[in-house]
2 protein chains.
Amino acid sequence: MASPEAGRKKKMVDTDVVVIGAGISGLCAAKLLHESGLDVRVLEARDRVGGRTFTARDPSYGYVDLGGAYVGPGQDKILRLVKEFDLKLYKMDEEGKTVSYMKGVQRAVTNPNDPSALSNNPLDLLDLNSCFQKLDAFAKQLPPDAPWNAPRAAEWDSMTVKEFMDKECWTSLARKMMGLLTEIFSGSQPEEISFLFYLTSLNSAQGIDTAMSGAQEMKFVGGSMQAKYVISAVPPCLLHGILFEPSLPALKMQMIQRMPMGSMIKTVTYYETAFWKEEGFSGTALSDKGPVNGCMDDTKPDGSHPAIVGFISSTHARELCEMSPEQRKQAVCKHYAEIFQCPEFLHPVNYVELDWSAETFSGGYGANLGPGVLTSYGRELRKPFCQVYFAGTETAVKWSGYMDGAVEAGERAARQVLHAMGKISEDQIWQEEPPSIDFPLTPTEADPLGKILPSIPQLLYFLLAFVVLLVVLAAVLLGVYLS
Amino acid sequence: MASPEAGRKKKMVDTDVVVIGAGISGLCAAKLLHESGLDVRVLEARDRVGGRTFTARDPSYGYVDLGGAYVGPGQDKILRLVKEFDLKLYKMDEEGKTVSYMKGVQRAVTNPNDPSALSNNPLDLLDLNSCFQKLDAFAKQLPPDAPWNAPRAAEWDSMTVKEFMDKECWTSLARKMMGLLTEIFSGSQPEEISFLFYLTSLNSAQGIDTAMSGAQEMKFVGGSMQAKYVISAVPPCLLHGILFEPSLPALKMQMIQRMPMGSMIKTVTYYETAFWKEEGFSGTALSDKGPVNGCMDDTKPDGSHPAIVGFISSTHARELCEMSPEQRKQAVCKHYAEIFQCPEFLHPVNYVELDWSAETFSGGYGANLGPGVLTSYGRELRKPFCQVYFAGTETAVKWSGYMDGAVEAGERAARQVLHAMGKISEDQIWQEEPPSIDFPLTPTEADPLGKILPSIPQLLYFLLAFVVLLVVLAAVLLGVYLS
């Protein structure tokens with residue numbers, strides 16, 4: 001690993017492949033190439049490896065993942081590495097009631113999938129169901145490796161997620177949920193993101209049910225060169241900081257200007273005891289009020305270091321980023337006390353946070369694409385330039401934006417280099433990952449009712465038809481009576 | 001001017017102020033500081049000055065502006081410099097018929113402002129008029145220096161220009177015109193751009209009439225350091241290529257990720273004679289068909305080097321950027337032959353072009369902001385960081401994106417430095433520019449009818465009211481007849 005200082009010295013290093021970025025994607029590329037017998041050098045601008053994953057360690061809290069942390073079934077590439085390195089995963093503790101805090105009202109349910117957590121109004125739930133069904137149906141229409149070729153790509157890429165919400169969400173609850181999910185998953189507002197990009201992300205994460213539940217199921221225990229080939233494994237927007245000679249092609253250059261990172265501050269607040277468990281809460285909560293829209297229990301698997309992890313995302317992150325950590329800690333604790341209705345949250349014993357938006361060498365978590373970008377520039381994502389190949393989770397087809405996508409992208413770029421060297425054939429570049437045996441992806445228990453329930457406009461049409469029928473019936477009866 | 005090589009050597013240079021970028025903004029900042037008696041160094045990554053202005057010279061065509069070229073009344077700062085340096089301006093030759101080419105139909109009118117150039121359907125023109133009136137009325141509601149504080153800022157920044165079009169344009173002509181203007185002025189598609197940003201640009205260019213006519217009225221004749229202060233005069237997205245220690249604040253860093261440059265290829269095609277003049281055309285044409293949506297005469301003021309300048313913008317630029325210059329030349333000439341219905345355009349004697357999207361050290365022409373950016377990050381635009389002050393036309397209040405805005409921003413940043421040094425007071429930072437005496441801004445001959453003509457929905461309401469009135473009248477007459 002070379003420091004930026006070393007890079008500035010323009011020391012010539014003769015090697016087969018240079019990998020830029022020692023995140024998961026870059027390290028996976030280097031590992032595969034090293035195992036293929038090549039000489040590889042990895043460049044990293046930070047004084048640590050890991051990129052957008054970062055495990056902080058301190059006696060006061062043991063270890064804590066301040067970056068990417070969650071792994072779920074279906075993420076077979078990262079699960080393969082877990083097995084290879086003999087790492088341990090632990091299942092998230094979801095016992096206790098899940099809280100939703102909407103319009104100042106707290107609702108707590110035992111089954112986290114219980115829709116009554118969100119509203120008691122069946123119209124709200126019908127509407128939310130039909131929105132989710134539509135999203136899933138749309139997402140399935142995308143070719144995973146080329147969403148810009150979908151029949152409706154142009155239409156979907158010319159609208160924002162907010163436009164979909166304006167058109168399809170009839171109730172304020174459905175709007176609110178769609179908005180919250182966008183903010184939490186991407187760190188951006190629904191109006192900032194292309195609807196095609198949103199569907200692509202959903203599809204890449206195997207649909208809305210898997211994305212919402214499975215992807216956050218498990219965590220880890222324990223917490224200028226001369227080369228024949230280069231693999232860039234940095235987030236796209238950082239490519240701007242690299243001076244290419246010859247310069248990058250116009251489309252590639254314009255693409256990296258259009259892939260801004262989301263706004264996200266990850267916070268972990270520690271308490272003496274997991275008192276929320278005693279009060280029957282799991283620690284999981286969703287809130288339409290800021291600064292934390294989503295939080296969950298982050299206590300260690302052995303029960304030590306009781307903690308709540310909370311995500312400050314999108315506009316909340318932009319509002320709070322200029323506060324001191326102490327001020328943010330107080331805002332977060334006050335928020336927990338309010339949404340759980342539990343004043344004990346005001347007295348933490350420790351607080352750790354990382355503002356990923358302030359990280360010069362990554363930003364966080366992932367790149368978000370506005371309208372028009374995928375259809376105009378999507379084809380450039382994985383296109384090599386001279387001897388430079390592009391990795392990084394943003395270039396993954398499956399689980400793009402996740403750690404699993406970083407593995408896919410790194411290994412694919414490494415195989416592109418091996419192919420360019422004539423060591424493997426072109427059809428070996430893309431390799432299907434065998435499903436994990438230890439953590440198989442079981443189909444989520446899809447609510448069979450969900451698929452047949454009407455949407456709000458369908459319900460309105462039905463009611464209208466019913467009224468028309470009644471009127472016709474009344475007219476016929478009147479005719480009969482008069483004759 | 002230091003070459004990138006010199007920068008890399010980390011030579012220490014003791015100076016008062018370092019200006020990064022030798023475009024108009026950076027040079028104006030340096031000029032003002034130098035005149036104030038300070039020691040100034042200007043850094044430039046290219047081997048030329050001028051930034052987004054670039055005059056190419058060659059015996060075959062004399063000189064040609066491949067970047068910023070047009071100046072108009074109201075742009076008093078750049079007009080002051082024109083006078084100071086004794087430069088000559090020449091008025092664009094607009095004699096002859098202006099062409100509009102829509103849906104494959106050529107219309108040519110003598111008065112370029114004649115709306116019948118666009119359509120003979122009065123509904124089309126009513127609709128276009130009411131859209132423009134609304135745009136102007138909205139734009140005037142923005143505080144020029146803080147559009148994010150406008151009463152409707154949040155609403156307008158959460159929608160794209162396309163959403164405004166979907167909502168307000170009833171005819172395909174109005175939609176087409178709005179779309180074309182967006183593409184030509186910004187190099188982006190209407191769905192890529194925030195409506196608030198669009199209004200801000202309009203307001204900064206003194207309203208839609210001035211922006212559309214006056215701003216393109218005249219052209220020019222002839223064609224690691226150690227410092228106390230730094231002025232950055234590079235386009236915002238290039239700041240990513242500068243390593244700041246300490247690093248830029250999170251908001252500033254996220255802002256520069258959200259200011260991509262438009263896509264624009266400027267082409268100049270030369271002919272033996274200005275044969276189009278002989279056929280009665282001015283050379284100005286607007287076309288809904290690509291690759292050139294807008295073109296005009298670019299013959300020298302003395303009549304030499306007859307030429308047409310054509311702009312390949314937005315998606316057309318992205319489609320054509322991978323062609324060879326020869327292929328692009330042929331596409332452009334074929335286009336002119338079709339829209340002017342004049343096969344002589346197929347035989348150029350010379351062709352010069354510059355793909356600004358491929359320029360590593362600028363991109364072109366200006367930054368375009370998507371939804372949500374101005375309200376979340378606008379406040380960061382001109383905010384200094386440590387001893388670094390930010391210039392560049394994107395940071396201008398008036399004529400942002402134009403050469404005039406570059407002058408404003410450079411001089412303002414220079415005065416911010418002078419203020420920080422205690423040489424001027426805070427209220428001297430922003431200085432009102434006296435109107436140019438040589439080129440005064442005369443109010444555009446606003447069509448007085450324009451302001452009172454109804455919009456399409458108003459017309460529909462009127463028709464509906466008329467029908468209701470007729471029905472009521474008929475019923476009353478029926479009653480009278482029956483009695």
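Worth a mention:
- Over the range A:127-212, volume per residue of the alpha carbon convex hull, in Å³: 81
- Which of A:THR395, A:THR171 has the fewest Cβ neighbours within 10 Å, and the rest in rising order: A:THR171, A:THR395
- In nanometres and ascending order, the distances from the A:ASP47 label point to those of the other copies are 4.0 (point 7 Å from Cα along Cα→Cβ).
- Each label point was placed 7 Å from the Cα along the Cα-to-Cβ direction; for B:THR442 and A:ASP86 their separation is 8.8 nm.
- 13 Å beta-carbon shell around A:LEU238, net charge (K/R +1, D/E -1): -1
- Dipole magnitude of the range B:260-368, debye to nearest 20 (Cβ charges: Lys/Arg +1, Asp/Glu -1, about Cα centre): 200
- Dipole in debye (nearest 20) - the range B:391-483, about Cα centre, beta carbon charges: Lys, Arg +1; Asp, Glu -1: 460
- Note on A:LYS289 and A:LEU453: the extension gain reaches 56.1 nm, defined as 0.36 nm multiplied by sequence separation minus the Cα-Cα distance.
- Alpha-carbon centroids, the range A:54-95 and the range A:120-165: separation in whole Å: 31
- Computed from the C-beta positions of B:ALA137 and A:ASP39, the FRET efficiency with R₀ = 45 Å rounds to 0.10.
- Farthest toward positive dipole pole in the range B:127-212 [+1 Lys/Arg, -1 Asp/Glu at C-beta], among B:SER130, B:ALA153, B:GLN206: B:SER130
- Residues B:VAL161, A:VAL49 in ascending order of nearby Cβ atoms (within 10 Å, fewest first): A:VAL49, B:VAL161.
- Of A:LYS31/A:LYS134; A:LYS167/B:LYS140; A:LYS252/A:LYS329; B:LYS88/B:LYS289, those spanning more than 32 Å from alpha-carbon to alpha-carbon: A:LYS31/A:LYS134; A:LYS252/A:LYS329; B:LYS88/B:LYS289
- Top positive-direction residue, dipole computed over the protein assembly as shown with Cβ charges, set B:PHE340, B:ILE24, B:SER400: B:ILE24
- Residue exposure sequence - B:LYS83, B:LYS31, B:LYS103 - by fewest surrounding Cβ within 10 Å: B:LYS103, B:LYS83, B:LYS31
- Computed [θ] at 222 nm, deg cm²/dmol, chain A (DSSP H ≥ 4; -39,500 (n - 2.57); rounded to nearest 500): -10500 deg cm²/dmol
- Euclidean distance between Cα centres, the range A:413-483 to the range A:299-358, Å: 37
- Beta bridges from DSSP with both residues in the protein assembly as shown: antiparallel share about 65 percent, rounded to the nearest 5.
- Across the range B:127-212, the mean sequence separation of Cα contacts (distance under 8 Å, 6 or more residues apart), normalised by length, yields a relative contact order of 42 percent.
- Taking a ≥ b ≥ c as the square roots of the Cα gyration tensor eigenvalues, chain B comes out oblate, since a/c reaches at least 1.5 and a/b does not exceed b/c.
- Cα centroid of the range B:232-281 to Cα centroid of the range A:232-278, whole Å: 24
- Net charge dipole size for chain B [Lys, Arg +1 and Asp, Glu -1 on Cβ; Debye, nearest 20]: 1020
Each value in this text was obtained by applying a stated rule to the coordinates, not by laboratory testing. A quick note: this is a predicted structure, and the numbers were derived from the prediction, not measured. Cβ atoms come from the backbone with ideal geometry, glycine included; neighbour counts cover every protein chain shown.
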